[in-house]
Amino acid sequence: MKATRQIAGFSAALLAVLSAQAQTFQNLDFEQANPVIDPGYYPPYGVTAASALPAWTVYVGTVLQTGVLQNVTTEGTAAVEIFGGNYPATASQPGSLDGRYSAFLEAGFNPQNTSVLLSASIAQTGTIPDGSESMQFEVWQSLPYNSAVSFGGHDLAPVVVATTATYTLYGANIAPYAGQTGQLEFTSTMPTEPGLTEFGIDDITFSTTAISPEPGIIALTAIGGLLFDARKWFGRRRIL
């Protein structure tokens, strides 16, 4: 009986550990990517979503995607991409923001029906670490006005923390959700009128420090949005 109780206790402890591990957010810097060619998804640019974005689920509109594009953007079609390898980001060219890989979200047209506009998103379910005050993440070049960052269905309303020549660092108050389990989602959402909206993302982190936005955040966001919309897209490989 004693041995049975010990085994039962060990099993319960092991299950608790495994459960905790399953709830931990993973691959927040996208460095676990090991892209595998998907011959059925827009060859030769398609790779499997599972290999390119481990731990994340990928959606175009509300449809789960099994493939993403690698190192290429579209001509206005909704898609999710992975940028990496010898493809660093610049001020005018999306790419890897830090390390080897970054994710990229493009809202756009439905490839089967160009009169329909679709969002592009990545999502993952996990637990916000206890004591977290903020979540920070890097974005190329800035978040479009109609993008969305949410946890458990709640809009996190990120603000600019710092800017560089290549990316903008955003922060969001995550304190109300510390210790909670839910879905973290990043979405590029189409406006009511056609127009390309896209952004790259990397290095998502949780911190015990509250965010401290840059001065003039409203003005900076407005200017960033205007520059984003006005940017010319010459010299980029684009498909679809």
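Some notes on this structure:
- Near pairs, Cβ below 7 angstrom, 6+ apart or cross-chain, from segment 139-157 (over 17 Å from Ile211 (Cα atoms)) to any residue that is in a loop (DSSP other than H, G, I, E, B) and of a type in the set (Phe, Trp, Tyr): Trp140/Tyr167; Gln141/Tyr167
- Only residues that are assigned to a strand (DSSP E or B), surrounded by fewer than 18 Cβ atoms within 10 Å (Cβ to Cβ) and either within 15 Å of the chain's Cα centre (by Cα) or aliphatic (A, V, I, L, M) (or both) were counted in segment 144-159, giving 2.
- Members of segment 31-79 found to be farther than 16 Å from Gln124 by Cβ, of a type outside the set (A, V, I, L, M) and in contact (Cβ under 8 Å) with a residue 40 or more places away in the chain, listed by number: Pro35, Tyr42, Tyr45, Gly61, Asn71, Thr73, Thr74, Glu75, Gly76, Thr77
- Filtering segment 80-96 to residues that are in a strand (DSSP E or B) and either in contact (Cβ under 8 Å) with a residue 40 or more places away in the chain or within 18 Å of Gln65 (Cβ to Cβ) (or both) leaves Val80, Glu81, Ile82, Phe83, Gly84, Ser96.
- Where strands (runs of 3 or more DSSP E) sit wholly within segment 97-143, those with at least 1 residues that are acidic (Asp, Glu) occupy 101-110, 134-140.
- As a summary of the residue check, Gln112 satisfies the conditions (1) more than 18 Å from Thr197 (Cβ to Cβ); (2) in contact (Cβ under 8 Å) with a residue 24 or more places away in the chain except for the one numbered (2).
Each reported figure results from applying straightforward, stated rules to the coordinates on display, with no laboratory input. As the structure is a prediction and not an experimental result, all values here were calculated from the model. Neighbour counts run over all protein chains shown; Cβ positions are idealised from the backbone, glycine included.
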